[in-house]
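Read the structure below first, then the notes.
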Amino acid sequence: MLNYIDLHTHSTASDGIYAPAELLQRAKDIGLRIVALTDHDSTGGLQEAVQEAGKLDIDLIPGIEINTDVAGGEVHVLGYFLEYERPAFQDVLKVLRDARVRRGQRMVELLNEQGIAVSWERVREIARGSVGRPHVARALMEAGYVQSIGEAFDKYIGKGCYAYVPRYKLTPVDAVHFIASANGLPVIAHPLELPGLEELRNWLPELCDAGMVGLETYYGPYTDEEVQVLRALAETYHLISTGGSDFHGPGIHPTPLGGRHVPFEAVERLKAGAAKRHGKTPPSFELPPPVEEK
Ligand code: AMP
Ligand code: ZN
Ligand code: FE
Ligand code: FE
């Protein structure tokens, strides 16, 4: 069966390798018909993506991915069908991206203090959109300190490593409310990553109360058994089972673009949810104050 839907992709607007138009071109080449662009803390790629998708007769779903930190790991929240041009929504994104710039600079400083010669200028050239650890990792790779992005995370910039600097602190509930403030639909990304399913089960009631509508059941490398468990969990909580590849470019994550089958029902249910929200005044969102930096 050919896949024709991918609801989780990244472009140069965050830490993907391909510009939005290039990504869409590749999506077309492999026969995708429905694509969501879900860059980290940025909707900067959406205009180009929408335009290119129009030319290629692809349905482009405007999305985002918000990374949040919890004890023992991270919870990433995807947002779909955003009314992303809302000024209040863009204002918050800008605060998050500015914090990512300062954080990137701090990571480079910490590396330099340990004699690792990577420059902020180079990181900023590699990062054409919102700055993330993968951009620092690529600079480390270019400079010959590591052989792979994964090695850079393991040795230098993963949680617990000396050059790790936290992002602007958001909770998963903050991310849900933030996405709702653009009339978007929040979905839990890759639910089996750390802190893991058992932890997640404890939070699901609270996350659903906050307005979570979906679970990324059909995620890139998840096995059939894992998908079954997630489907059951999604049904229990009346969550929409979504899915996608989390494609960032060749060789970065294990699944190629369009490499995971996603049922059309996921898109239908998201669309129905969006139709109920769109055009209404969304709930406002207030960003929690920044945590004092040391
Ligand atoms: P950041 O949001 O800047 O903390 O960067 C986190 C992003 O880096 C994640 O969303 C992934 O896309 C990517 N990432 C995290 N760990 C790894 C890894 N071990 N190898 C490659 N990419 C990773
Ligand atoms: Zn990423
Ligand atoms: Fe993620
Ligand atoms: Fe992602």
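With only alpha-carbon atoms in the gyration tensor, what are the semi-axes of the equivalent ellipsoid for the range 100-157, in Å, largest first? Walk me through the numbers on the way to the answer.
On the way: eigenvalues 47, 32, 20 Å².
So the equivalent ellipsoid measures 15, 13, 10 Å along its semi-axes.
When only DSSP loop residues count, what GluC sites (Glu not before Pro) in the range 59-114 have their Cβ near at most 12 other Cβ atoms within 10 Å? Here the GluC sites (Glu not before Pro) that fit, given the DSSP loop and packing criteria, are 85.
Site pair residue 142 and residue 229 shows an inter-label distance of 4.0 nm when each label is modelled 7 Å from Cα along Cα→Cβ. For residue 36, the residues 5 or more places off, or on other chains, whose built amide H falls under 5 Å of its own are 6, 7, 8, 61. Considering only 141, 187, 207, the residue lying farthest towards the positive end of the dipole of the range 128-228 is 141, judged by Cα position with unit charges set on Cβ. What the phi angles of the range 209-217 give under the Karplus curve with 6.51, -1.76 and 1.60, with θ = phi - 60°, is a coupling list of 4, 6, x, 5, 10, x, 9, 7, 5 Hz, glycine and proline written as x. The alpha carbon centroids of the range 29-85 and the range 97-124 are separated by 27 Å. Near the amide H of residue 69, within less than 5 Å, lie the amide hydrogens of 75, 170, all on another chain or at least 5 residues away, with H placed in the peptide plane.
Here's the picture: charge each Lys and Arg Cβ at +1 and each Asp and Glu Cβ at -1 in the chain, and of 232, 272, 104 the one pushed furthest to the positive end of that dipole is 104. Under 5 Å from the amide H of residue 217 lie the amide H atoms of 242, each residue being 5 or more positions distant or on a separate chain, with H modelled from the backbone and absent for Pro and chain starts.
Reported value for the chain: 128 Å³ per residue, from the convex hull of its C-alpha atoms.
Laboratory data are not the source of any read-out in this text; all were calculated from the coordinates shown. Nothing here was measured: the structure is a model prediction, and the numbers come from that model. Quick reminder, even Gly has a Cβ in these numbers, built from the backbone with ideal geometry, and neighbours come from all protein chains shown.
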